[in-house]
Every structure is written in C-alpha cells, then in structure tokens.
Amino acid sequence: MPYPEPAPRVAATEPSKPHPLPFPEPRLAATQKTEGPDPQPVKPRRPDPESIETDTTMPKLGLRAGDFGDFVERRAALAEALASSAGPARTGLMLDIAALHLARGLVAEARSFLSAASPETPAQDLRAAALSYLADTFTPHAADESPEPGADWPEWPLLPLLEILNGPPVAEAYVAPATFARAFEALDLLPAALQAESLPRMLEIAIALEAWPEARALARRFELHPGLADGSALHFLLGRVAESGGEDVAAFDSYRRASAGRDAFAQRAPPRDGRSRPANRRSGARGRRAGPGRGGDALARR
C-alpha cells in the first residue's frame, strides 16, 4: 500500500523579530568565524561639549549598582523595552544600557552602546557626553583623545576625580589639595568596579601630598576589593610611605611583596639586592604576614 505524499512545508508567514540590541551579548565567544577583516574597536559618539545647552542640571547617570538589581534581569528588561521603542525613548534606553555596563566595569560594552546612541534632547546630550568622558577615563589611551568637558557644563561632583585620573603621571602632576579633597569625596559616587580602578592613583597622589588621613582611608578601601587587597599597587605604595619615613625594613618588606606581581607597580619596585640584603634577612625571619604588612604599620604611624 503506497504511503501518502507528505504535505509540503509551509513557509513561515511571520517575519522573524530582529535582535533588540544593536550589539551581541557582552563577552560571548563567537561560534562561527566570519570572513573579512577583524572588527575595529568602536569609538563612542560624543557631542561637542561646547555645543551642549547649559540650561539644565547634570542628569542622573544611573551608575550605582543598586539602581539596577540583578544585572542579567535588568539587561533583559531594557532589551525588551528597546525592541519596541523609537525616538528619544530609544536613546534613553541605549544610555541606560550603557550605564548598566559601565557600572559593572564592562567599559568596552558601554562604549559600544554610547557610539550607537543619538541624543535628541539637551539632557540626553549632556548625559551621553558625561558617560563617554567617564568611559574614556577607564579605557587605556582613550582619554588622550577625549574632548575636555565644556566650561559651561553644570556642576558635576565627579569632575575633579575624573580630571585627576586623566592627569599625567603623579611625578609630573600638580594636584591642588582642595581639588584632591573634592575628588576624595566623589569617590563614593562611582560604582565599586570603577572605584577599584581609581584607588591606586588616588592613594599615590595622597602620599605625594602627604594627606595622611586620606591615605589611610584609601589604603583601607583596598581591602574591599579582592584583586587589590594583597596586590602590587598597595604594597609598592606602602613601601614608598615607609621609605619616606626612614623605615628601611618596612620599605623592603613592602617592595618585596610588590615585586612578586606582574603589573606596572611590580616593575617599579626597587631590585632586591645591594644594601637591602640585611633588611631581607630581618624581614624574612618571622615569615610573611597576610595583609599590608610592615608598610601598613608605617602608614598608620604617619
């Protein structure tokens, strides 16, 4: 008995919905290599700071992690809203997604969304420019090409901090004590991921200014970030404190710890030879202590 002919497949009549986001999910590995040249890094689109209207206050940037709750759920909600949005509402959602990524330290992803946003109101212009300046600050070499904030920008508490972070090497920089005090107060306005990026330079400047109360407070903040608590930056800078106070044993102990790392601060640690050898024997007699060690003790005495 012959089998009946199978029914022909009917083409789908409903068009597939486009992906609501203009960029792929963050940091997901590609499943297929496509032909063509490697993609180039995306540079955020920034309004000209001088063209921003100044009859508005600095809008809320939306950087605090507490504003978002669960990252994945918040991102999915924003993506769903973005799929059916248009005009200024769509731009606002793009900026929200950029701020969400920036708050988690996903700076490259934030810059991608900023490059796709087209501000349509003065407040959106200002928010996009501020987020772009912030993202450039935490992108290597990007701040060198980033336009300076306009002189007519409204008051922005983060600006003194970002100007310090964008400055030249500490040995070549001049930071007024009043500017540093405002930057120190603004540190809490950053989300935790960006605070961690800011701490080494802020502590180095505090030591250069001999602002010891602020230096001790900044050193304690390192303990809140697992990647910094026992890292080269903290040990190197504590070594500088001990060395400036004539505490050679504490300085060597801190420099020895710093040199065990692989970053720029580890490379700056003095070589462990020469006149430091006697200190090496003394500092190693009791073994290594966890935490800041003798350098932390030296800072506590300043």
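For the pair A264 and E120 in one chain, pulling the backbone fully straight at 0.36 nm per residue adds 47.6 nm over the alpha carbon distance.
What the phi angles of the stretch 234-248 give under the Karplus curve with 6.51, -1.76 and 1.60, with θ = phi - 60°, is a coupling list of 5, 5, 4, 5, 5, x, 4, 4, 5, 5, 5, x, x, 9, 5 Hz, glycine and proline written as x. Between the alpha-carbon centres of the stretch 168-230 and the stretch 76-140 there is a gap of 27 Å. Residues of the stretch 92-113 with an amide N closer than 13 Å to a point placed 7 Å from the Cα of A77 along the Cα-to-Cβ direction: 97. Sort the stretch 111-253 into rounded, prolate or oblate with this rule: let a ≥ b ≥ c be the square roots of the eigenvalues of the Cα gyration tensor; rounded if a/c is under 1.5, and if a/c is not under 1.5, prolate when a/b is larger than b/c, oblate otherwise. Here the stretch 111-253 falls in the prolate category. For the stretch 171-248, the set of GluC sites (Glu not before Pro) satisfying both a DSSP loop assignment and a count of at most 14 other C-beta atoms within 10 Å is given as E210, E223.
Using 0.36 nm times the number of residues separating E223 and A89, minus their current alpha carbon distance, what extension gain do you get? Could the numbers behind the result be given before it?
On the way: separation 134, 0.36 × 134 = 48.24 nm, distance 4.06 nm.
Residue separation times 0.36 nm, minus the Cα-Cα distance, leaves 44.2 nm.
Laboratory data are not the source of any read-out in this text; all were calculated from the coordinates shown. The structure displayed is predicted, hence computed values, not measured ones. In this analysis, Cβ positions are derived from the backbone assuming ideal geometry, glycine residues included, and neighbour counts consider all displayed protein chains.
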